[in-house]
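Okay, structure first, notes after.
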Amino acid sequence: MTELWQLLLLGFLEGGLYAMVAASIVLVYKSTHVVSLAHGQFMAFGALGFWFLLVKLNLPLVVATFLALGFAGGFGWVIERVAMRPLIGQPLFAAFLTTFAVFLTMDGVFQLILKGESTSFAAHLPRGAMEISGVSLPTTQLVSFGVCILLFVGLALFYRYTKIGLGMRATAEDHQLAQSTGVTVRSIFSAIWVLSAVVAGIGGIALANVMDIYYPLPYLGIKGLIVALVGGLDSLPGALLAGLLLGVLENVSAGYLDPVVGGGVKEVAAYVLLLLVLLVKPYGILGLVLIERI
Amino acid sequence: MWRPCRTFDETYREDMAFIRTPLRWGMLAASVMVLLLVPAFCSYYFVSFLNTLAITIIVVLGLQIVTGFCGQVSFGQAAFMAVGAYSSAVFTTKFGLSFWIAIPLAGIFTGVYGLIGGAPSMRIKGFYLAVATIAIHFVTMWLLLHLAITGKSQGIPVEPPRIGSFVFDTDERMFYVIVPIMLLMTYGARNLVRTRVGRAFVAVRDNDLAAQVMGINLYYYKLLAFFISCFYAGVAGALWAHLTRVCHPEQFTLLNALWYIGMLIVGGLGSIPGVFFGVILVRVLDELVLLVSPYLASWLPWVGSAPAAGLGLSAFGIVLAVFLIGEPRGLAHRWEIMKASIRLYPFAH
């Protein structure tokens, strides 16, 4: 029983990390209808920047966090200006493939910087584990999960109360209607990319707190995409729900199926879940159902 | 179909001919002769480069059929290639079939397997289907790593093909296996896209509703496109396995599938010559990066001793972004413009 609880809780905490990555992809999709692969790289570069500022330059934690997030946001702004804006009005698939080109370019730079090694800033942050009636939870995971909850609450408040958040929601409904009510859709697009890159940066820092910074880190962006699809591409609560679901599913299935089939269940659980969800509910658990012919 | 001035088709045969004029026959024969003489005059390195090029062309031709003509984006091409490689390896080593029978069998087996890849297209399309094929990639690779018949993480050693006592065990000898198959597959693809099936694919791509109204069974043609594309991937994978003489899951990564899509875009969607342009440009670029990177490492010490992998990715990503933003129709479109301007010289239009 303790083993099950251990798997469930660890999965829950990991799911929070997936949810953050998915949230950044959902943010972009909601307003621009572009599905982005590039967010894995915003994550990786946010974590890398944080590592550089905290470990190499020995800045205080708060300063390092803000600077790293500012760096990630600036990155998002540059990508929007250089790669995404020329594609407004082009087929959405071209935009998707452009984010993929951005992913490849930045992946090359990421590998050049890392030179095949792995780094970690976990030593500079609280470590250890918490025991609750036999279930041990690493502090790093708990901190990351706390960040995730704060992030989702913050996003909800942002969308509910700020003017720019409302503008983003209006843009998500209809670009032309939003424009005619005085929302500058173009600057909303910029703001969306900055915001989502910052969210991805937070996710990246939280992820790198749990795992090391090495070459597979950007590829977790693909997993975030899977989570976003399972939850529904335009739904933030869906991203949270699907992230937690996937985290739990991965850990429990790996814990119980790995001895039977010989390992590796954790890597495919997400994809099997995605295929099943796409067959049953093609627009995700909480996604908006479009009525169209296939 | 377009004809130059003063060229008239007088019979039905001429109208339907695949290669129309004696000049074109001559050019084709000459270029095939030159191609087949390459191993006699060029270095081993160049021949093995051409081998990988030819195999990549076969894979991307398959991708062109499903993505460029039928409009269903597939990120599963590397996994389907792996299925082809493994099935041919199993057919030759476990069942003792000859290579020449195993190749088409591997293609057909992969095609049938690819129907799984096409199955979700019943309920989803566009981007959702693309991500579903990513999922299929990972599930396939997991299966290959964990099934007993595929040798788990050890992979399968593969015998080189042979005719009688002649063994195709070097890259120069394999060249004469791979290149004819590549030419045959190119002919097949080029011919397919002007048949009823090919035109149905284009109709599905351009407007699926209109296609259905005109009596095209959408699901049937989408599955057919996946079958044909996976047939190509399977044959290419089988050739790859017999060229490298080992089957291992690490040869077929998602990154490979992403490169194939990139080559397709650089070359131009919906054009068979575009496949050649895209594959050759991207691969040559990759080789150039490999050549340049040692010098770069000595000039700029901070990039590290082995910057080739990272630089290659970046260069490819930038080229891809430039094509997507600047010339979404790819090199094939530029090629058509160039041909037209030469033909019309000295007039502008």
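The values are calculated or read from the model by the stated rules, or taken from the named source; none is laboratory data. Predicted model only: the values in this text are computed from it and were never measured. Every residue, glycine as well, gets a Cβ built from its backbone with ideal geometry; the counts of neighbours run over all protein chains shown.
I'd like to check something: does the range A:159-176 contain any residue that is assigned to a helix (DSSP H, G or I), in contact with a Leu (Cβ under 9 Å, 6 or more places away or on another chain), of a type outside the set (K, R) and under 22 Å from A:Y18 (Cβ atoms)? Yes, that holds for at least one residue. Consider B:G107 carefully, then state whether it is in a helix (DSSP H, G or I), away from chain A (no Cβ under 11 Å) and of a type in the set (G, A, S). Judged against the criteria, B:G107 is a match. So for the range A:193-211 (the condition being within 14 Å of the chain's Cα centre (by Cα), hydroxyl-bearing (S, T, Y) and under 30 Å from A:E117 (Cβ atoms)), does at least one residue qualify? Yes, that holds for at least one residue. One residue stands out in the range B:122-154 among those that are facing chain A (nearest Cβ under 10 Å), of a type in the set (V, I, T) and without any contact (Cβ under 8 Å) to a residue 60 or more places away in the chain: the one that is surrounded by the most Cβ atoms within 10 Å (Cβ to Cβ), namely B:V131. Would you say B:E159 is within 26 Å of B:Y45 (Cα to Cα) and either of a type in the set (F, W, Y) or outside any helix (DSSP H, G or I) (or both)? Yes. Within the range B:107-121, restricting attention to residues that are among the hydroxyl-bearing types (S, T, Y) and under 22 Å from B:I55 (Cβ atoms), the residue that is surrounded by the most Cβ atoms within 10 Å (Cβ to Cβ) is B:T110. Determine if the range A:232-242 includes at least one residue that is outside any helix (DSSP H, G or I), of a type outside the set (A, V, I, L, M, F, W, C), on the phi > 0 side of the Ramachandran plot and in contact with a helix residue (DSSP H, G or I) (Cβ under 9 Å, 6 or more places away or on another chain). Scanning the range A:232-242, I find at least one residue that is outside any helix (DSSP H, G or I), of a type outside the set (A, V, I, L, M, F, W, C), on the phi > 0 side of the Ramachandran plot and in contact with a helix residue (DSSP H, G or I) (Cβ under 9 Å, 6 or more places away or on another chain), so the answer is yes. Only one entry of B:A119, B:A79 meets the criterion of being touching a helix residue (DSSP H, G or I) at 6+ places or on another chain (Cβ under 7 Å), among the small types (G, A, S) and either within 14 Å of chain A (Cβ to nearest Cβ) or closer than 26 Å to B:A189 by Cβ (or both), and that entry is B:A79.
Give me the residue from the range B:184-215 that is surrounded by 18 or more Cβ atoms within 10 Å (Cβ to Cβ) and within 14 Å of chain A (Cβ to nearest Cβ) and, out of that set, nearest to B:A130 (Cα to Cα). Per the stated criteria, the residue is B:R205.
The residues listed here are A:T162, A:T105, A:T99; of these, the one that is among the β-branched types (V, I, T), modelled with pLDDT of 85 or more, out of contact with any Phe, Trp or Tyr (no Cβ under 9 Å at 6 or more places or on another chain) and surrounded by 20 or more Cβ atoms within 10 Å (Cβ to Cβ) is A:T99. Checking the range B:21-40 against the condition returns no match, with no residue being in contact with an Asp or Glu (Cβ under 6 Å, 6 or more places away or on another chain) and more than 23 Å from B:V284 (Cα to Cα). Is it the case that B:S305 is within 14 Å of chain A (Cβ to nearest Cβ) and modelled with pLDDT under 80? Yes, satisfied.
Among the candidates B:G326, B:G330, the residue that is free of Cβ contacts under 8 Å to residues at least 12 places away in the same chain, within 24 Å of B:R205 (Cβ to Cβ) and within 13 Å of chain A (Cβ to nearest Cβ) is uniquely B:G326.
Contact map, the range A:276-294: first residue under 12 Å from A:S235 (Cβ atoms) and within 11 Å of another protein chain (Cβ to nearest Cβ), second residue in a loop (DSSP other than H, G, I, E, B) and modelled with pLDDT under 80, Cβ cut-off under 6 Å, separation 6 or more or different chains; pairs are A:Y283/A:V289.
Considering A:G89, A:G154, A:G146, which residue is small (G, A, S), surrounded by fewer than 14 Cβ atoms within 10 Å (Cβ to Cβ) and at pLDDT below 85?
A:G89
Just one residue in the set B:A257, B:A210, B:A200, B:A233 is touching a His at 6+ places or on another chain (Cβ under 7 Å) and of a type in the set (G, A, S); that residue is B:A257.
Of all residue pairs spaced 6 or more apart or on separate chains, those with beta-carbon atoms under 7 Å, a first member in the range B:265-293 that is without any contact (Cβ under 8 Å) to a residue 40 or more places away in the chain and a second member that is buried (at least 22 other Cβ atoms within 10 Å of the Cβ) and outside any helix (DSSP H, G or I) are B:S293/B:P307.
Do we find a residue being within 12 Å of chain B (Cβ to nearest Cβ), basic (K, R) and not in a helix (DSSP H, G or I) anywhere in the range A:257-271? Looking for residues that are within 12 Å of chain B (Cβ to nearest Cβ), basic (K, R) and not in a helix (DSSP H, G or I), one finds none in the range A:257-271, hence no. Looking only at the range A:230-256, residues that are buried (at least 24 other Cβ atoms within 10 Å of the Cβ) and within 14 Å of another protein chain (Cβ to nearest Cβ) come to 7 in all. Being within 14 Å of chain B (Cβ to nearest Cβ), free of Cβ contacts under 8 Å to residues at least 12 places away in the same chain and assigned to a helix (DSSP H, G or I) holds for only one residue in A:V109, A:V153, A:V102, and it is A:V109. For the range B:251-265, a residue qualifies if it is buried (at least 20 other Cβ atoms within 10 Å of the Cβ), within 13 Å of B:H137 (Cα to Cα) and under 12 Å from the mean Cα position of the chain (by Cα), and exactly one does: B:A257. Exactly one residue among B:R6, B:R20 is at positive phi and at pLDDT below 85, and that residue is B:R6. Scanning the range A:189-229 for residues that are surrounded by fewer than 23 Cβ atoms within 10 Å (Cβ to Cβ), assigned to a helix (DSSP H, G or I) and away from chain B (no Cβ under 14 Å) yields A:F189, A:S190, A:A191, A:V194, A:L195, A:V210.
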